1. Identify which of ALA24, ALA47, ALA60 has the largest mean-square fluctuation in a Gaussian network model of the chain, with springs joining Cα atoms closer than 10 Å.
2. Rounding to the nearest 10 and keeping the result within 0 to 90°, find how far the Cα-based axis of helix 21-38 lies from the longest principal axis of the chain.
3. For percent of Cα pairs over 14 Å apart, several values are listed as [x] 67; [y] 63; [z] 55; flag the one computed from this structure.
4. Go through VAL67, VAL7 and list them by solvent-accessible area, largest first, probe radius 1.4 Å.
5. Helix-derived [θ] at 222 nm for the chain: sum -39500 (n - 2.57) over DSSP H runs of at least 4, divide by residue count, nearest 500?
6. Treating cross-link reach as a plain straight distance, find the lysines whose alpha-carbon is under 28 Å from the alpha-carbon of LYS41, omitting any fewer than eight places away in the same chain.
7. Restricting to the chain, what percent of DSSP beta bridges are antiparallel, rounded to 5?
8. How much accessible area does ASP50 have with a 1.4 Å probe, in Å² rounded to the nearest 10?
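The values are calculated or read from the model by the stated rules, or taken from the named source; none is laboratory data. Remember, predicted model here, so these are calculated numbers, not experimental data. Note: ideal-geometry Cβ built from the backbone for every residue, glycine included; neighbour counts use all protein chains shown. Note: accessible area is taken over every heavy atom of the protein model, side chains too, but ligands, DNA and RNA are not part of it. Shrake-Rupley method; radii C 1.70, N 1.55, O 1.52, S 1.80 Å.
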Amino acid sequence: GVPIVSVKFLQRDGGQDKFISFFAKRARGLMARWMSTSRVKRVKDLAGFDLEGYRLDTKAGSEFELVFKRPKPAAKRVS
(Lines give C-alpha, C1' and ligand atoms only; values in the text may rest on other atoms or scores of the structure.)
Protein backbone atom coordinates (compact mmCIF):
# COMPACT_ATOMS: atom_id res chain seq x y z
CA GLY A 1 0.00 0.00 0.00
CA VAL A 2 3.02 2.31 -0.07
CA PRO A 3 3.88 4.04 -3.37
CA ILE A 4 7.38 3.57 -4.73
CA VAL A 5 9.08 6.71 -6.01
CA SER A 6 11.99 6.54 -8.44
CA VAL A 7 14.60 9.30 -8.43
CA LYS A 8 16.92 10.04 -11.37
CA PHE A 9 19.93 12.33 -11.39
CA LEU A 10 20.98 13.68 -14.77
CA GLN A 11 23.67 16.06 -15.94
CA ARG A 12 23.38 18.48 -18.87
CA ASP A 13 26.33 17.96 -21.18
CA GLY A 14 26.63 19.09 -24.79
CA GLY A 15 22.96 20.00 -25.00
CA GLN A 16 21.79 16.60 -23.76
CA ASP A 17 20.75 15.25 -20.39
CA LYS A 18 22.97 12.31 -19.52
CA PHE A 19 22.98 9.71 -16.78
CA ILE A 20 26.51 9.48 -15.40
CA SER A 21 26.65 6.69 -12.83
CA PHE A 22 29.50 8.14 -10.76
CA PHE A 23 27.69 11.44 -10.22
CA ALA A 24 24.27 9.79 -9.79
CA LYS A 25 25.65 7.56 -7.02
CA ARG A 26 27.14 10.57 -5.26
CA ALA A 27 23.85 12.47 -5.64
CA ARG A 28 21.89 9.56 -4.11
CA GLY A 29 24.16 9.70 -1.07
CA LEU A 30 23.80 13.46 -0.83
CA MET A 31 20.02 13.14 -1.03
CA ALA A 32 19.92 10.42 1.63
CA ARG A 33 21.93 12.60 4.02
CA TRP A 34 19.82 15.65 3.15
CA MET A 35 16.61 13.67 3.77
CA SER A 36 17.75 12.64 7.24
CA THR A 37 18.92 16.10 8.30
CA SER A 38 15.87 17.81 6.78
CA ARG A 39 13.52 15.23 8.29
CA VAL A 40 11.62 14.73 5.05
CA LYS A 41 8.22 13.18 5.70
CA ARG A 42 6.42 13.47 2.34
CA VAL A 43 7.40 12.80 -1.25
CA LYS A 44 6.61 16.39 -2.22
CA ASP A 45 9.25 17.57 0.29
CA LEU A 46 11.94 15.99 -1.91
CA ALA A 47 11.46 18.88 -4.34
CA GLY A 48 13.54 20.97 -1.92
CA PHE A 49 16.73 19.00 -2.62
CA ASP A 50 19.21 21.36 -4.28
CA LEU A 51 22.74 20.27 -3.42
CA GLU A 52 25.62 20.49 -5.92
CA GLY A 53 23.50 22.26 -8.51
CA TYR A 54 20.73 19.66 -8.78
CA ARG A 55 17.20 20.99 -9.26
CA LEU A 56 13.94 19.13 -9.69
CA ASP A 57 12.70 19.17 -13.29
CA THR A 58 8.94 18.87 -12.90
CA LYS A 59 8.42 18.57 -16.66
CA ALA A 60 10.74 15.57 -17.02
CA GLY A 61 9.31 13.48 -14.21
CA SER A 62 5.94 12.33 -12.95
CA GLU A 63 4.17 11.69 -9.66
CA PHE A 64 6.24 8.56 -9.06
CA GLU A 65 9.45 9.53 -10.87
CA LEU A 66 11.42 12.57 -9.77
CA VAL A 67 14.10 13.82 -12.15
CA PHE A 68 16.81 16.10 -10.83
CA LYS A 69 19.14 17.81 -13.30
CA ARG A 70 22.22 19.95 -13.06
CA PRO A 71 24.52 21.67 -15.52
CA LYS A 72 27.89 20.09 -16.18
CA PRO A 73 30.22 21.34 -13.43
CA ALA A 74 33.25 23.37 -14.42
CA ALA A 75 36.50 21.44 -14.55
CA LYS A 76 38.55 21.78 -11.40
CA ARG A 77 41.89 23.42 -11.81
CA VAL A 78 44.91 21.67 -10.41
CA SER A 79 47.32 24.04 -8.72
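1. Result: ALA60 has the largest fluctuation of those listed.
2. 50 degrees
3. The listed entry that was calculated here is [y].
4. On the way: VAL67 5, VAL7 45 Å².
I get VAL7, VAL67, largest accessible area first.
5. Numbers: 1 runs with 18 residues, N = 79.
One gets -7500 deg cm²/dmol as the mean residue ellipticity at 222 nm.
6. In chain and number order, the partners are LYS8, LYS25, LYS59, LYS69.
7. Details: 6 of 13 bridges.
Here the antiparallel bridges make up roughly 45 percent for the chain.
8. Around 80 Å² of this residue is reachable by solvent.
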